[in-house]
Structure formats: C-alpha cells, structure tokens
Amino acid sequence: MRLENKVAIVTGSARGMGRVFALRLAREGAKLTVCDVLDCAPVAKEIEAIGGEALALKTDVTSEKDTAAMAQKTVDRFGRIDILVNNAAIIGAIEVKDFAKPVEKMVSADWDRILAVNIKGVFLSSKAVIPYMKKQGGGKIVNMASTVAFTGLPDFIHYSTSKGGVLTMTRGLAMALGEFNINVNAVAPGLVMTEAMQAAFNAEYSEMVVDHQLLKRKIEPEDVAGAVLFLASDEAAMITGHTLVVSGGEYMH
C-alpha cells in the first residue's frame, strides 16, 4: 500500500470529492482525519468498514481555533500528520440557485464568503499542520485548485479568483517549506459534477465542457483522487510547487 503508516487530514470530506479522496487514501493504508462543517461520521464509518482508522471532526476551516484543534486532535489520536489535503471549498450554497451573478450584481457578502473558505481556509489549515510537519521532518500538502484559475469563469469571478489565489499560495508555501522537506502542490480539476457543481451548472453546461475536452467523458471524483494520491505519496518526493491539471485535455497547462 502506498500510504501505509501515514496519517492524512482531508478537509471538506463529508461528501463530494473530499469523501472520495478520504476513502482512496484509506484504501492505500493511511489513517484519516475527516473534517467538515457537515457531519463526517458516515465517512468515518465507511473508512472503518474497509479496515481503516478514522477520526471525524466538525471543523470550520475559516476558524483559526477550529483548524488548530483539527491538527492537535489528529496528533493526539495518531501521533503525527503526514498529509494535508486542502479540499474544503465552496462555489455557492447548494440551496441558492441564483448564485451566479454578473460582477456588477455581486455583493461583498458573496465575495467575502467564497474567499474566506477557499483561500483563508487553505491558509489556516496549512498553518495548523506546518509546525507538526516541521517537527517530524517532513510532510505533504495538496491544495485543491481548478482550471478556472487559468481560464476565468464569467458570473463566478469570486470562485475563479479564489482558485487563482490557491495556486499562488501553493507556490509561496512550497518556497517557504522546501528546506523542511515539506512538499506543497496543487491539483486543478476541470468540471467535476459533484453536488455543489450540479447546483451551480446545468447538464447542458456539463455536456459543453465535455465537448471541449480531448477525452470525451465526464471527469469523475475518482479521476481526481488518483492525482491527489500521487502527490501525497513518496512517488512525488521530488515534486513541489507544481499544479497537476486533471481536465481530460479541456485545459493544457
């Protein structure tokens, strides 16, 4: 198993891609802390059902207190932190159907909420685990970005801006942490139709994206999980500051 005896934290892992990432890492031998503002107990039970170990935490990544507790409780339970997957992000509330807005109709609350979760959350979660990774002599941080960081996305300027910020933060953290043997990389998926994306984009838009891909099928969470696993593993020991695009050729970077 590629992650045997490793300890991983996956934020935003109650559902969607985060859940898939957590299960994939567990299957490769990692012990998991699954955390979200939603209930992660069902995911923890899924991990335990396949023979893994899991700690479920309710964590708001925009809270410095919560993210510090996330790291401390992980170390208290498992003794170390080898991997952090910064997956927690929002594109808009699933219940809100008109979240996509032209710039001139966007209000500051929209902007503040997206950037708080998608950028500040990555910063605070990384800040929380870095002291433990330094102390133990290394670690892997994998940040979830998006191809919209390269292309932009009309009516979702806040979201595409936040993902561009994740890419810049990834490079900055890689430069700051390399001497401590901490790898920091990003994964930039194309459109993956999770619950949040289904609420934001209709089926016609999804089909249009597939038409623009070189590989003519929808991107599934499992496709992205393979990239996360690779960057979290020892196979990527000499890769840092890199963004791995998983878009079926929709964007070639």
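Is it true that some residue in segment 66-74 is surrounded by fewer than 23 Cβ atoms within 10 Å (Cβ to Cβ), of a type in the set (Ser, Thr, Tyr), out of contact with any His (no Cβ under 7 Å at 6 or more places or on another chain) and touching a residue at least 12 places away in the same chain (Cβ under 8 Å)?
no
So that you can scan it fast, the table gives a plain yes or no per residue for (1) among the hydrophobic types (A, V, I, L, M, F, W, C); (2) closer than 17 Å to SER233 by Cα; (3) not in a strand (DSSP E or B):
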| residue | (1), (2), (3) |
| --- | --- |
| MET1 | yes, yes, yes |
| ALA26 | yes, yes, yes |
| CYS35 | yes, no, no |
| LEU38 | yes, no, yes |
| PRO42 | no, no, yes |
| GLU48 | no, no, yes |
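Looking at segment 203-253, which of the residues that are closer than 27 Å to VAL184 by Cα and polar (S, T, N, Q) is nearest to the chain's Cα centre (by Cα)?
Only one residue tops the list, namely THR243.
Step by step: first the residues of segment 8-30, then only those that are surrounded by fewer than 23 Cβ atoms within 10 Å (Cβ to Cβ) and more than 16 Å from the chain's Cα centre (by Cα), then the one that is nearest to ALA69 (Cα to Cα). Which residue is that?
Only one residue fits best here, namely GLY29.
What are the residues in segment 158-184 that are surrounded by fewer than 17 Cβ atoms within 10 Å (Cβ to Cβ) and β-branched (Val, Ile, Thr), if any?
Across segment 158-184, the qualifying residue is only THR168.
Just give me the residues in segment 171-189 being assigned to a strand (DSSP E or B) and of a type outside the set (A, V, I, L, M), in sequence order.
Answer for segment 171-189, where residues must be assigned to a strand (DSSP E or B) and of a type outside the set (A, V, I, L, M): ASN183, ASN185, PRO189.
Tell me which residues, restricted to segment 135-184, are within 25 Å of TYR205 (Cα to Cα) and among the β-branched types (Val, Ile, Thr).
Hits for segment 135-184 are THR147, VAL148, THR151, ILE157, THR161, VAL166.
Please go through segment 226-244 and pick out each residue that is in contact (Cβ under 8 Å) with a residue 24 or more places away in the chain, among the hydrophobic types (A, V, I, L, M, F, W, C) and surrounded by fewer than 16 Cβ atoms within 10 Å (Cβ to Cβ).
ALA237, ILE239
Out of segment 185-222, which residues are modelled with pLDDT under 80, surrounded by 12 or more Cβ atoms within 10 Å (Cβ to Cβ) and acidic (Asp, Glu)?
If the condition is that a residue be modelled with pLDDT under 80, surrounded by 12 or more Cβ atoms within 10 Å (Cβ to Cβ) and acidic (Asp, Glu), then no residue fits.
So ILE50 fits all but one of (1) surrounded by fewer than 17 Cβ atoms within 10 Å (Cβ to Cβ); (2) under 23 Å from LYS127 (Cα atoms); what number is the exception?
All conditions pass for ILE50, except number (2).
The values are calculated or read from the model by the stated rules, or taken from the named source; none is laboratory data. These numbers come from a predicted model, not from an experiment. Counting neighbours? That spans all protein chains shown, and the Cβs are built from the backbone with ideal geometry, glycine included.
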